[in-house]
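Please read the structure below before turning to the comments.
Bear in mind these aren't lab numbers, they're just calculated from the coordinates by the rules spelled out. Because the structure is predicted, anything quoted here is derived from the model rather than measured. Here Cβ is always computed from backbone atoms with ideal geometry, including for glycine, and neighbour counts include all displayed protein chains.
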Amino acid sequence: MITSIINTAVSGLQAAEKRLANSANNVANVQSENFTPQRITQTSTNPGVRSDVIDVDPARIPTPEGDAPNVDLASEVIEQQLSTYDFKANLKVLETADEMAEDILDMMA
């Protein structure tokens with residue numbers, strides 16, 4: 001039981017890291033030529049979460065200056081903030097699993 005809780009939290013941390021790194025990459029390359037922005041999709045698994053990278057479609061949008069990557073900076077800021085919430089929530093799950101393990105050991109002693 002404790003192991004599945006820990007596995008779930010660790011997969012959540014990995015998903016948050018992937019989401020944050022992807023968003024940072026989109027922001028860093030917002031003015032790059034031939035850049036294809038990407039998004040992370042998350043799927044529930046047992047236990048945990050699976051994260052997949054998909055290309056944004058359409059990858060480029062017309063602007064008065066020419067085509068530009070289809071990156072909305074406001075949305076990227078939100079993605080990054082949500083990633084920090086994901087980190088905090090999954091760390092809290094790990095802390096709770098640790099407390100549960102301590103309680104179980106105390107009961108067995």
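Give the Rg (one decimal place) followed by the Dmax (whole number) of segment 2-89, computed from C-alpha coordinates and expressed in Å.
Calculated on Cα positions, Rg and Dmax stand at 15.1, 56 Å.
Report the residues of segment 39-60 in range of a label on Asn25: point 7 Å along Cα→C-beta, backbone N strictly under 15 Å from it.
Zone members listed by number: 39-42, 51-57.
Given the -39500 (n - 2.57) contribution per DSSP H run of 4+ residues, what per-residue ellipticity at 222 nm results for the chain, rounded to the nearest 500 deg cm²/dmol? Walk me through the numbers before you get to the answer.
On the way: 2 runs with 63 residues, N = 109.
My calculation for the chain gives -21000 deg cm²/dmol from helical runs alone.
Out of Thr45, Ala97, Ile78, whose Cα points farthest toward the positive end of the dipole of the chain (charges: +1 Lys, Arg; -1 Asp, Glu; placed on Cβ)?
Projecting each Cα onto the dipole axis, the largest value belongs to Thr45.
Contact order normalised by length for the chain, with contacts defined as Cα pairs under 8 Å and 6 or more residues apart; what percent is it?
Details: 132 pairs, mean separation 38.2, N = 109.
Over the chain, the number comes to 35 percent.
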